[in-house]
Each structure stands twice: as structure tokens, then as C-alpha cells.
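The values are calculated or read from the model by the stated rules, or taken from the named source; none is laboratory data. Predicted model, so just to flag it, every value in this text is computed and none were measured. Positions of Cβ are generated from backbone atoms using ideal geometry, with glycine treated the same way; all protein chains shown enter the neighbour counts.
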Amino acid sequence: MNFQAAILTYGAKDSGQALSLVGGYITGCGFQVSEQVDVPYGDLENTLTSLSHMSLIVVVGGTFLGPQDDAPERLQSWCDQAIPGFGELMRFETVQDGFGTYLQRGGGWLKGNTIAVAVPATTKAALDNLKVLGPLLMMAVKGLNSRAVQGNTEVSSEVSSEVSSEVSSGG
């Protein structure tokens, strides 16, 4: 199955480098990156809505404590629900980079069958956080797809089998 992804920079430092490197990492996780967008502050919801057909949206930036760092709030209001644990896992696994990690407010959310993930603005921090989530992202997207295609037993069985295999092998 072909899972589409979009990479958005939202106040990210070195947005061109972030788009390229984060896009490369997400491609390595098995997604086809078909959109890369530098989003101006205040326009995140409009961009998210235009990309809601994607399986995965990665928002790079807007997760710290600055006055314009509102990606988590905008994602929370746009999405249907949060994915508990994504933010905590990213912070816990990257704390060796410094205690400032605990001030990052990245995380994961769901909108229909789209997973949206917010990671810090610097390219290194964004990649470090995505490496923590990497094994979970494809598993989660396949699980969502399995749920979405229950009426199509051929596709549903194929996806369910892949997800079961990944869960039993640990990712």
C-alpha cells in the first residue's frame, strides 16, 4: 500500500534543510512524501485542511514556549483527538540532549485517518524526535487504514496481517 505524507515547516529554523532531511527520514520509514510546505505563522489550519487526505502530516516547529509557538494548540483544535504518549515518548527519549527537551510540546494527533505529528523546529531535534516515533508511525497508519477499509475484506485482511506481524516482531 502507498501511504502519502506531507512535511510542513512552521517557524522552523533552516526550513529548506528541515524539509529535505525530515522528508528523507519519513521516506525511509516507508512513506511517499508528496508535499513539502513552508507554512507562515497563523496559516497552519488552512494548510492542514488542504492536506487532510494524507496518511501522515509532520509539522516541524511551533512546539516551544515562544509567543508564536502554537502548533500543539492549532493541531489540537484541528484534529479529532490526541495520541496519548507520543509527546511523552519523544521528550523521554531525547532528554539526553538537555533539560530544555521537557519544554518542547510536540506530540501526535488524529484527524480521521490522518496522523499529525508536531516536532521541534531545529533539524537535529526534529530528526531525533522522529527517530523515536519512526517505528510507530507506519504501524499506526496501517492500523488506521485497517479500520477504514473494513468493508473491503481483501485490503483489510492484508493490512491487519501486516500490523499483526509488526506488533509481534516488535515493530
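Quick check on my filter: what residues within region 136-171 are at pLDDT 90 or above and more than 30 Å from Gly66 (Cα to Cα)?
Met138, Met139, Ala140, Val141, Lys142, Gly143, Leu144
Filter region 45-81 for residues that are among the hydrophobic types (A, V, I, L, M, F, W, C) and farther than 20 Å from Leu144 by Cα and give the result.
The answer is Val60, Phe64, Leu65, Ala71.
Are any of the residues in region 37-47 assigned to a strand (DSSP E or B) and either in contact with a Lys or Arg (Cβ under 6 Å, 6 or more places away or on another chain) or surrounded by fewer than 20 Cβ atoms within 10 Å (Cβ to Cβ) (or both)?
yes
Yes or no: Ile7 of a type in the set (Val, Ile, Thr), modelled with pLDDT of 90 or more and in a strand (DSSP E or B)?
Taking the combined requirement at face value, the residue satisfies it.
In the list Phe31, Phe86, Phe3, Phe64, which residue meets the criterion of being more than 17 Å from Ala126 (Cβ to Cβ) and among the aromatic types (Phe, Trp, Tyr)?
Result: Phe3 is the single residue among Phe31, Phe86, Phe3, Phe64 that is more than 17 Å from Ala126 (Cβ to Cβ) and among the aromatic types (Phe, Trp, Tyr).
Of all residues in region 1-29 being in contact with a helix residue (DSSP H, G or I) (Cβ under 8 Å, 6 or more places away or on another chain) and among the polar types (S, T, N, Q), which is surrounded by the fewest Cβ atoms within 10 Å (Cβ to Cβ)?
Among those residues, the one meeting the criterion is Gln17.
If I go through region 103-115 residue by residue, how many of them are surrounded by fewer than 18 Cβ atoms within 10 Å (Cβ to Cβ), free of Cβ contacts under 8 Å to residues at least 40 places away in the same chain and within 13 Å of the chain's Cα centre (by Cα)?
Number satisfying all stated conditions: 1.
Which one is surrounded by the fewest Cβ atoms within 10 Å (Cβ to Cβ) among residues in region 75-102 that are over 18 Å from Asn113 (Cβ atoms) and in contact (Cβ under 8 Å) with a residue 40 or more places away in the chain?
Ranking the qualifying residues of region 75-102, first place goes to Leu89.
Only one of Gln32, Gln68 is within 20 Å of Gly112 (Cα to Cα) and loosely packed, with under 14 Cβ neighbours inside 10 Å; which?
After ruling out the rest, the residue left standing is Gln32.
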